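Take a look at the structure set out below.
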Amino acid sequence: PNKTSKTADAVKSLSNLHQPPLPPPHTRKEGSNMNRRQTKRTDRKSLGLLGGGHFVAFRRHYLPPISIVVVGMLLVLQFTTFQRYVDKIGIPAQSEIYFKAPQRIWIDVVSFSEGIAAWKTSLMELLHIAQSLNATLVEPCMGSGRLGSCAPTPVGVGDKLYTIPVSELFDLEQYKSPSFGREFPVLVSFDNYQAALGESDSDAGMVKLCASKENKLDRCSTNTTRIREIGQNDVMEKMGKSNADNFIIHIEDYWKGTTRRELGWRLGMGYLDQNEMKRKMLPFHPKHLQFVDDLLERGNLTSDNFSAIHWRAEKVGMNYTRCAMAVNDVKNIMLKRNMWSNNATESVESSTHKFVLLSSLNEDADKMWGGARRKADSDRKSMVEALRYLLHDNGFIKIDNLLGNEHKVCDSGMLAIYDLIIAAKANNFASCVNGGENGCTQASQSLCKECNHVGNFGRMATLARKEKGTMECWPTE
């Protein structure tokens with residue numbers, strides 16, 4: 001009953017909202033000047049308005065119709081002022097984000113600019129974009145350790161550059177089926193992409209973007225537009241105006257961080273945590289994990305009886321002999337630490353504990369990826385002698401030496417995949433990590449810079465190890 005009574009009172013108040021109340025009985029004088037003056041004063045006080053268009057309050061008992069019109073105009077003015085502020089600071093308006101999209105949005109990145117440790121992060125960024133836009137990423141392929149389009153090479157151009165789909169390197173099954181609330185999967189193969197487009201992609205809407213850095217503009221085709229040259233919501237507006245069933249976001253020369261720095265903002269996306277993308281590891285495909293286990297068993301290696309040292313010898317003018325000796329010194333320092341922790345003698349520890357060398361250097365030039373091969377060609381004789389010093393004279397094991405003649409490596413990038421899996425399985429691991437801290441001193445950092453290209457691969461290898469003992473610099477003592 002109380003609730004009903006309150007509701008009735010509220011309805012009654014609303015019904016009387018536009019009817020000015022009569023003055024109290026003791027002051028009511030029909031047609032008197034005093035009554036008219038009082039009404040005018042009440043009218044002015046009924047709108048509690050301050051300068052600058054800020055609405056404060058209404059008097060509860062009086063609201064003439066003209067006041068409602070004035071308040072409405074002021075609210076429209078305030079909204080217009082707020083919208084101008086929004087435009088000034090660069091927040092996309094709601095109407096600009098929620099557009100009428102084509103039936104299907106595709107993200108087709110035809111070329112990447114960095115090696116596996118960097119393009120792993122790039123792949124995570126692109127999967128994030130696809131999820132955010134309810135779009136589908138066209139699966140890229142690996143060739144010589146780099147990523148690019150799986151499209152067949154035109155007749156007469158030469159061999160196909162990119163042959164191994166990324167879903168054969170990493171376990172990406174979760175992205176290849178539509179998740180809850182999605183009509184399409186996040187990732188599809190190039191063949192399925194072509195089948196979805198039909199005979200030709202000429203009927204699809206498209207925007208062609210170049211993600212190259214300032215000094216790398218020649219890596220993009222002439223009919224692309226640099227991402228930095230387009231407006232904040234230009235792509236979204238073009239997508240919204242397209243009447244095609246398919247819309248393709250075509251990207252060339254993608255670099256790690258492109259989404260955070262340039263692309264995400266222009267697609268109306270929120271802030272992307274780049275560090276989270278770097279730290280997140282994609283799981284390796286189960287078939288490669290099993291393959292590496294079989295290789296290690298062939299070499300009588302288990303996670304307890306071997307350690308690994310990473311040497312990224314991709315530095316022009318490097319002294320291969322001196323750096324190979326430094327690698328052997330790192331091995332001896334790690335052996336002594338193992339000896340103390342295992343309470344074993346030096347002779348026993350050195351005979352039972354083995355070391356795997358993870359390096360892009362190889363006596364067979366065909367097993368080196370392009371960048372490493374070009375740098376080693378300047379002093380190939382010294383490079384081969386340095387490898388023999390480590391492998392033949394000091395007992396290091398290299399994974400490709402365990403492969404045997406029966407296994408042909410289909411792409412030099414596969415050796416990098418195997419090395420990363422071995423780094424994750426090793427008992428102890430030493431590398432030269434960009435921004436490394438654990439186990440680093442001024443002397444060890446200096447040695448790392450002298451003998452290594454300190455890039456992203458070392459960091460990727462240490463992330464794969466999780467809680468295992470890891471040195472982010474080569475130890476010197």
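The values are calculated or read from the model by the stated rules, or taken from the named source; none is laboratory data. The model shown is predicted, which means the values in this text are computed figures rather than measured ones. Glycine gets a Cβ as well: all are built from the backbone with ideal geometry, and neighbour counts include every protein chain shown. Surface accessibility is based on the protein's heavy atoms, side chains included, excluding ligands, DNA and RNA. Shrake-Rupley method; radii C 1.70, N 1.55, O 1.52, S 1.80 Å.
Observations on the structure shown:
- The number of residues in region 426-442 that are surrounded by fewer than 21 Cβ atoms within 10 Å (Cβ to Cβ) and not hydroxyl-bearing (Ser, Thr, Tyr) comes to 9.
- Selected residue (only one of Asn427, Asn438 is farther than 20 Å from Val292 by Cβ and at pLDDT 85 or above): Asn438
- Matching residues, region 395-419, being part of a helix (DSSP H, G or I) and within 18 Å of Arg298 (Cα to Cα): Ile399, Asp400, Asn401, Leu402, Leu415, Tyr418, Asp419
- When residues of region 216-237 are limited to those that are surrounded by 16 or more Cβ atoms within 10 Å (Cβ to Cβ) and in a helix (DSSP H, G or I), the one modelled with the highest pLDDT: Ile227
- Test set (1) part of a loop (DSSP other than H, G, I, E, B); (2) surrounded by 15 or more Cβ atoms within 10 Å (Cβ to Cβ) - Ala308 fails condition number: (1)
- Region 376-418, residues that are open to solvent by 20 Å² or more (accessible area, probe 1.4 Å), of a type outside the set (Lys, Arg) and over 30 Å from Leu289 (Cβ atoms): Asp377, Ser378, Asp379, Ser382, Val384, Glu385, Tyr389, Asp393
- Inspection of region 167-180 identifies at least one residue that is assigned to a helix (DSSP H, G or I) and in contact with a His (Cβ under 8 Å, 6 or more places away or on another chain).
- Those residues of region 433-445 which are polar (S, T, N, Q) and in contact with a Ser or Thr (Cβ under 9 Å, 6 or more places away or on another chain), in sequence order: Asn438, Thr441, Ser444
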